[in-house]
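Step one of this worksheet: look at the structure below.
The values are calculated or read from the model by the stated rules, or taken from the named source; none is laboratory data. Only a predicted model underlies this, so the values are computations on that prediction, with no experimental measurement involved. Here Cβ is always computed from backbone atoms with ideal geometry, including for glycine, and neighbour counts include all displayed protein chains.
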Amino acid sequence: MTESNSYYVHPTAIVESLAIGEGTKIWHFAQVRQGAKIGKNCNIGKSVYIDIDAEIGSNVKIQNFVSVYKGVIIEDDVFVGPSATFTNDLYPRAFIWNDCHVSTTRICRGASIGANATLICGITVGEYAMIGAGSVVTEDVPPFALVLGNPGRQRGWVCYCGHRLKEDATESVYKCPACGKSVGIYV
């Protein structure tokens, strides 16, 4: 068990970066490359790879077997399910590589990415959006959108709490049947 003054690193993990926030836990066989940034109170699961210069906000949970490559920016309060895949090169070739091939992918505050989802680089997943398990996302996702399938298509809206919203036509808002909040969706 390795513990710095403010974060925990399992003894099998390899951590090259010093930019790790207080309260973060990095578990078995994870690798955090030099220049990566991880915020406070994150949970980095087993066999997670965080590449050079990748950025992770605070209160982020990254489940087992996820690779977060250079060019991926994950904001605060994001959930990334097991074996989710982020790409960073739209035209990959093993024999042609340089940093100009990296496309930025942004996962905005509060979004959730389901298990085994694949996100093609160069997109933005909006605040509190939810990507269903196994979905393949190739386009930007609006805030609070629910995206499912291959290819990923918007199938509705979700609340801050993650439940599917129901439209209340009398008030031009969507209401959550679980927590009762109203969410104004502007499309």
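Could you grab the pairs with beta carbons closer than 9 Å, sequence gap of 6+ or different chains, first residue in the range 92-108 and closer than 22 Å to Ile131 by Cβ, second one surrounded by fewer than 15 Cβ atoms within 10 Å (Cβ to Cβ)?
Ser103/Leu90
Within the set of pairs 6 or more residues apart or between chains, which connect a residue that is within 14 Å of Arg106 (Cβ to Cβ) inside the range 57-77 to a residue that is crowded, with 20+ Cβ neighbours inside 10 Å and modelled with pLDDT under 95 with Cβ atoms less than 9 Å apart?
As it stands, the answer is Tyr69/Asn88; Lys70/Asn88; Gly71/Asn88; Val72/Asn88, since those pairs meet every condition given.
Would you be able to tell me the number of residues in the range 83-114 that are over 11 Å from the mean Cα position of the chain (by Cα) and outside any strand (DSSP E or B)?
Count: 15.
Criterion first (surrounded by fewer than 19 Cβ atoms within 10 Å (Cβ to Cβ), closer than 26 Å to Ser47 by Cα and touching a strand residue (DSSP E or B) at 6+ places or on another chain (Cβ under 9 Å)) does Ser83 satisfy it?
no
Within the range 135-155, identify whether any single residue is under 14 Å from Ile185 (Cα atoms), β-branched (Val, Ile, Thr) and more than 14 Å from the chain's Cα centre (by Cα), and answer yes or no.
no
Just need a number here: residues in the range 22-39 that are crowded, with 17+ Cβ neighbours inside 10 Å and farther than 19 Å from Ser6 by Cβ.
2
I need a count of the residues in the range 137-177 that are assigned to a loop (DSSP other than H, G, I, E, B) and buried (at least 18 other Cβ atoms within 10 Å of the Cβ).
Looking only at that region, the number is 6.
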